[in-house]
Amino acid sequence: MPRDSISLQQVLILGLLSAIGPFAIDMYLPALPQIGASLNAPVGAVQASLTAFFIALGVGQPLFGSLSDMWGRKKPLYLGLAVFALASVGCALAQDIHTLVTLRFVQGWGAAAGMAIPRAVVRDLHTGHMAARMMSLLMLVFSVSPILAPLAGSGVIALGGWRLVFWAVCLAAVLGLAAMVRGLPETRGAAARAESTPGEALKAYASLMRDWQYLGLVFIGACAMAGFFVYLAGSPFVLINYYGLSATQYSMAFALNAIAFIGAAQFTGSLGKRFGLVRLVKVAATACGVVMLSLLAYYLLGGDRLGVLISLYFIASAFMGLVIPTTSVLALEAHGEIAGTASALLGTLQMLTGAVAMQVVGIFSNGQPLPMVIGMATGALSGIVLTWVTLGRVHSDPVSH
């Protein structure tokens, strides 16, 4: 396929594959209190089912990334989606919290294929601001999940309880498989696959782990995502239990952040073309940190209004919509020959960073906003430091080869 062409149908398929894992997270967020009551499990154990999914989503991506370089992009996607669908059935039938946590880990491992490989497909087809535009379109479909999933989850839970959520995501995986069979071509050529071996994969990972520019860009995005993961884990308890929102109201409040992220992400291609991707990251990451520092100061000074929390995080989410896809493009720019491996390591490091942040903040969580806001602000401020350490002396975008 020509590098300068990709159809809207393929964008939608890649977005669907990327969104299946997040959908399995966001859709069951409103059900966390119900799951605890149903399985007679404490809050920490219920949150562990979320953490297990994130850890598996992180550790699974290196395997699927390497397989996609060796086998092509489609076969590992088939494998991952099949595992995800079967684990979803198991989650729907789980009778205790330990079984649910274990199966959520397996489910997350399967979902890792859909997280790692679509980014590699984008890199197979595009570089530079065209890749940023493509990545933003992918994010548009991908980011529908945080808008629709909690609302859909609330409806599904009201209709048939929390178990029906897992039947629903199983159906989504089956639809993703069917769409991929019919509408997604193989973008990794046979010659490139022949050059990829397990030994070469290990060398590639070792090389990437020594590439400080790559790692810096990965962790700039990871810091932004870590703040979001802290919000993801803490917001059901803060917004529902502390501020008294209903499950539906919570879903709508959660969706606002996704709307901001989606809207901003659509400008990455045009802004990157006009000002450069490097400059875009510097400005957006710094602005995000300033907004989150303002939110932290508000709560430290005794503020307690839900409207301020939602408003300022809406603005911060918009800046994250500029940071995350752009840093992904820059990180993969110089690694086209091992795009699957580089994309997988990117996803792993970002997911594990988010999972660690979520667990650390969870230790101090008391159901009130301040611990959550401290965790969110710490991620954003760390992102500022990494941005200027990594890109402070870089004044132009890298040249693709």
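Some notes on this structure:
- Overall form of segment 303-401 per C-alpha gyration tensor (a/c, 1.5; a/b vs b/c): prolate
- Subtracting the Cα-Cα distance of LEU12 and THR99 from 0.36 nm times their residue separation leaves 28.0 nm of extension gain.
- Estimated Rh, segment 151-232: Kirkwood, alpha-carbon pairs, angstrom: 17.4 Å
- Scattering profile of segment 40-87 at q = 0.21, 0.24 Å⁻¹ [log10 I(q)/I(0), Debye over alpha-carbon scatterers]: -0.77, -0.88
- 3J(HN,Hα) along segment 332-349: 8, 3, 8, 10, x, 6, 10, 4, x, 5, 5, 5, 5, 5, 4, x, 4, 5 Hz, from the Karplus curve 6.51 cos²θ - 1.76 cosθ + 1.60 with θ = phi - 60°, whole Hz, x for Gly and Pro.
- The simple spin-label model puts a point 7 Å past each Cα toward its Cβ; for SER270 and ASN40 those points are separated by 5.8 nm.
- Rounded to the nearest Hz, the phi-derived 3J(HN,Hα) couplings of segment 164-173 under the Karplus curve 6.51 cos²θ - 1.76 cosθ + 1.60 (θ = phi - 60°) are 5, 4, 6, 5, 5, 6, 4, 4, 4, 5, where x marks glycine and proline.
- The helix-only estimate of mean residue ellipticity at 222 nm for the chain, built from DSSP H runs of length n ≥ 4 each weighted as -39500 (n - 2.57), is -27500 deg cm²/dmol after division by the residue total.
- Rg to Rh quotient for the chain, alpha carbon positions, Kirkwood Rh: 0.95
- 10 Å-binned pair-distance histogram of segment 248-367 (Cα, whole percent): 12, 32, 38, 15, 3, 0
- Each label point was placed 7 Å from the Cα along the Cα-to-Cβ direction; for LEU79 and LEU300 their separation is 4.8 nm.
- Inter-probe distance in nm under a simple model that places probes 7 Å from Cα toward Cβ, at LEU164 and TRP388: 5.2 nm
Every number in this text was worked out from the coordinates using simple rules, so none of it is lab data. Remember, it's a predicted structure, so these values are computed and weren't measured experimentally. Glycine also receives a Cβ, built like all others from the backbone with ideal geometry; neighbour counts cover every protein chain displayed.
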